[in-house]
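What follows is a set of notes on a single structure, which appears directly below.
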Amino acid sequence: MRLHSIRTFPGPSLHTGQPSLRVYLSRAGWPGVAAAESGRAAGFGELVAQTAVEIATAAGLQCTCAHVGDGPELETDEVILTYAREESEGAVRRAAERAVEATAARATGASFDTAGAVAEVSRLAGRESLGPTGRAVVEAAMRRGIPWERLNDGSLVRLGWGKPARLIRASVTSQTSLIAADIASDKPLANALLRDAFLPVPRGETVTDEQGALAAARRIGYPVVEKPLNGNHGRGVSVGLQTREAVAEAFQIARQHGRRVLVEETFAGRDYRVLVVGGRMVAAAERRPPAVVGDGVRTVAQLVEVANEDPRRGEGHARAMTRIVLDDVVRAFLAASGRSLADVPAAGETVALCRTANLSRGGTAHDVTDRVHPSVRAVCERAARLAGLDVCGVDLVTESVEEPLKQGGIVEVNAAPGFRMHLAPAEGEPRDVGGAVVDMLFPPGAPVRPPLIAVTGTNGKTSTTRMIAHVLGRQGLTVGMTSTEGVWIGGALAAEGDTTGPASARTVLADPAVDVAVLETARGGIVRRGLAWDGADVAVYTNIAADHLGQDGIHSVDDIYRVKRLVAERVRAGGTLVLNAADARLAALPDDPAMGGVAREVVFFALEPNAVVQRHCAAGGRALYVVDGWIVEADGATERPVVSIDALPVTMGG
C-alpha cells in the first residue's frame, strides 16, 4: 500500500477538461476495508480518493474525484483528482499524499492526525493562492473565457495568449506606467502635481529628524498627520496629532518604516477610497478604523481577541478583513484618549483603536459607490489622470462624498491599490472591480488569443504543419509553429528538437509577437501532459494508423483514435475540423458522441471524391479533392479550382 507516482495535467487531458492530478497507487498487500456508506470492501484507490477530497475540501479547496480505476501495472489503482484553480496544485498534491498515509493507517489500525493534515494543506493553499486582488482579476478573465497562466510563486499572471496577451501583478498591469507608479510613491511630488492642477490637497513637509517634524508641525498648524514618505497599507501612519509630544512619538513610529517622514495638514472628515480604472470611477468605499464594542465584562484586549475570531478576518490580505494587531500605534492612540488595553468598556460603548482606517490595520469598509457626487467622481478621475495611473486608488478625507468637496480633499493617490474593500465590504454591495480591469485590458470584442491551428494524426503531421505555417507567413503574419523538428517564431528557429508537446505549445502561446499558432500535436504529449490550450480554432487530422503500440497504455488503433480525438473535442464552437475522408475513423469523427454535439464546420479532403465526400457535399458541406490534376474546393454542388498539382513544389512537378 503506497503512492506510486503523481502527475499534473494543468490543462485539458484524456481524463477531464479541468486541471487535474493523476495518482498511481500500489495496492499490494491491501487487506480491504469496509466502506462506511455501503459496508462492502472498498478498494485502496476509492478510499484514497475519498479521503483526499475530504482533506482538500476541509482545507478550502475545490477538489473532486473524476475517476478511480485500474492502473497500468498489476495491482495498481489510478485516481484522477480535479481542482478549480491552477494555484492549488501543490495543495491538492499534498492532500493526495496525506490521503495515502491516512488510508494505510486505517488499514493497519494506526492513528492518523486528520486535523493536522487539513491544517497543513490549508497553510500550503494559503501560501500558493493568489491574493484577493489578483484572484478577482483572474476570475473575471475566466468568466469571459480568457486563458490565464500564473508565471511565478507570487502574483504575476499572464492573461490571454500571443500578441493580445497582457500581464498583471495584483492590480498592476502591463499598461501601468513605471513613471506613474513612481509619482504615486513620491507623496510630495504627487501632492504638488495635484495642487498645481487646483485639486484640493493638504499642505505638507518632508523631514528626517524629530526637531524637523516639530518645526514642520508648528508651521503647518495643529492637528497634523505623520507618515513614512514611501509607506503603504497605513503602516507607521498617525493622524490627528495635537501636541508636540504626540508629534515626537509619531515621528519615531513613522521612522521605523523609512528614513524620511511626511508631516501634513490634517483634513477633518471621513476616510474614503475611490477606485479609478481606465480613467473611470468603478467603486468607492468609506473606511472606518478598527473598533470594539464593550460588554461591561471584557477588557479592550479581550474584546479584540473576540473580534479577531470573526471568520472573515485573517492574517495579512488572505481574507476579506484583517486581524486587529495591538501595536504601538494602538497603545499610543488609546493613551491619548485616556484609555488602555486593560480598560473594561461599558456595555454598548464603542472604543476606537486608532485613527487610521486602513483594512490592513483591521479597519472595515462600507460601499458608497452609488452615493458619490458627480463632481467628486470627476475630481478623482482627474487625479488618476494627472498621476498617469491606469488603476488608481484615490484617498479622500471629507465630511461626505455625497456633496461637492467644500472642505477636505485628496490625501493620496495610490498605485497597486488593493481590491478587498470593494470585493467584500462589511456593509453594502460588492463591486466587480476585477471585471473592470479585464474590460480595460481587453475591451469587449477585442481578441484575447491568436487563432490556433492544431495538426495531428499518424503520418504527415510535420509536413502539413510546415505548409500551413508557410502559407500564413506569406500573408505577413508572425506564425508560431511547433513540430517534430523544433519551435519557430516568425520563421526563426527558437528551439531545435521534437517539440510537439504542451510545453513547446506554451512557448509559442506565450510569445507576444505571435499572430497565429500552428501546433503539431503528437500522441505522447497528449497522454503524458494533456493539452496546453483550452480551445483551438482548427484541428487538422492527416490519418489514424498503427503507431507506437504498447507505449503509454496504447495497445490498438482504436486507442490511438481515442487519444487523438481530444484535439477535436477541444475545437471551440464555430471552429473547423479538417479531416481525411479516406480514413474511416476520421470520417465518423464528427458524429462521435464524445464530440458533445458542439456546432463545428467539417471540411473533408481526399485524393478523389469518395462516398464520404459526396454525401458531405450533397448536404451542403465543403471538401477538397483532386480532379484532372487540379486541387478543387467543393462547396455543396459548386466546384472551384484552387491550384494545379504540378505547380506545387512539394509534389516535385506533379
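The values are calculated or read from the model by the stated rules, or taken from the named source; none is laboratory data. Model, not experiment: these values are computed from the prediction. Cβ placement follows ideal geometry from the backbone for every residue including glycine, while neighbour counts extend to all protein chains displayed. Side chains are part of the model used for accessible areas, which takes the heavy atoms of the whole protein and leaves out ligands, DNA and RNA. Shrake-Rupley method; radii C 1.70, N 1.55, O 1.52, S 1.80 Å.
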Once SER174 and ASP310 are pulled to full extension, the length gained, defined as 0.36 nm per residue separation minus their Cα-Cα distance, is 45.3 nm
Log entry: pair-distance distribution for segment 93-244, C-alpha pairs binned every 10 Å from zero, whole % per bin is 9, 22, 19, 20, 16, 9, 4, 1
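Rounded to the nearest 500 deg cm²/dmol, what is the calculated helix-only ellipticity per residue at 222 nm for the chain, with -39500 (n - 2.57) per DSSP H run of length n ≥ 4?
Details: 19 runs with 203 residues, N = 654.
Value at 222 nm, helices only, nearest 500: -9500 deg cm²/dmol.
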Per residue, the convex hull enclosing the alpha carbons of the chain has a volume in Å³ of 209 Å³
Karplus ³J(HN,Hα) for segment 278-289 (6.51 cos²θ - 1.76 cosθ + 1.60, θ = phi - 60°; Hz, whole; x = Gly/Pro) runs x, x, 10, 5, 10, 6, 8, 9, 8, 9, 10, x
With bins of 10 Å, the percent of all Cα-Cα pairs of segment 58-167 per bin from 0 is 12, 34, 29, 17, 6, 1
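Over the chain, with the other protein chains present, what is the accessible area per residue in square angstrom, probe 1.4 angstrom?
Details: 29190 Å² over 654 residues.
For the chain, the solvent-accessible area averages 45 Å² per residue.
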For THR484, the residues 5 or more places away or on another chain with a placed amide H closer than 5 Å to its own amide H are THR499
Karplus-derived 3J(HN,Hα) from phi for segment 569-575 (6.51 cos²θ - 1.76 cosθ + 1.60, θ = phi - 60°), whole Hz, x at Gly and Pro, runs 4, 9, 6, 5, 4, x, x
Across the chain, qualifying lysine pairs (alpha carbons under 26 Å, at least 8 places apart or different chains) come out at 5
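Restrict the search to segment 343-413; then list the GluC sites (Glu not before Pro) that DSSP places in a loop and that have at most 15 other Cβ atoms within 10 Å of their Cβ. Each step should come with its number before you reach the end.
Values: sites: GLU349, GLU381, GLU399, GLU402, GLU412; in loops: GLU349, GLU399, GLU402.
Answer in residue order: GLU349, GLU399, GLU402.
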The answer for chymotrypsin sites (Phe, Trp or Tyr not before Pro) in segment 225-314 that fall in a DSSP coil and have at most 12 neighbouring Cβ atoms within 10 Å is none
Sparse-neighbourhood loop hits (trypsin sites (Lys or Arg not before Pro), segment 435-525; DSSP loop; Cβ within 10 Å at most 13 others) -> ARG474
Of all C-alpha pairs within segment 425-579, those more than 23 angstrom apart amount in percent to 41 percent
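Give me D for segment 85-124 in µm² s⁻¹, whole number, from Stokes-Einstein with Rh from the Kirkwood sum over alpha-carbon pairs, 20 °C and 1.002 mPa s. Kindly include the intermediate steps, with their values, before the conclusion.
Numbers: Rh = 10.6 Å.
Answer from the Stokes-Einstein relation: 203 µm²/s.
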In nm, the gap between the two label points placed 7 Å beyond Cα toward Cβ at GLN242 and GLU402 is 2.8 nm
The computed P(r) of segment 252-361 puts the percent of Cα pairs beyond 19 Å at 56 percent
Calc'd 3J(HN,Hα), segment 152-166, phi into Karplus 6.51 cos²θ - 1.76 cosθ + 1.60 (θ = phi - 60°), Hz, glycine/Pro = x, comes to 7, 7, x, 10, 7, 9, 9, 9, x, 10, x, 4, x, 4, 9
With the dipole of the chain defined by +1 on each Lys or Arg Cβ and -1 on each Asp or Glu Cβ, the option from SER122, ILE468, ILE168 whose Cα lies farthest towards the positive pole is ILE168
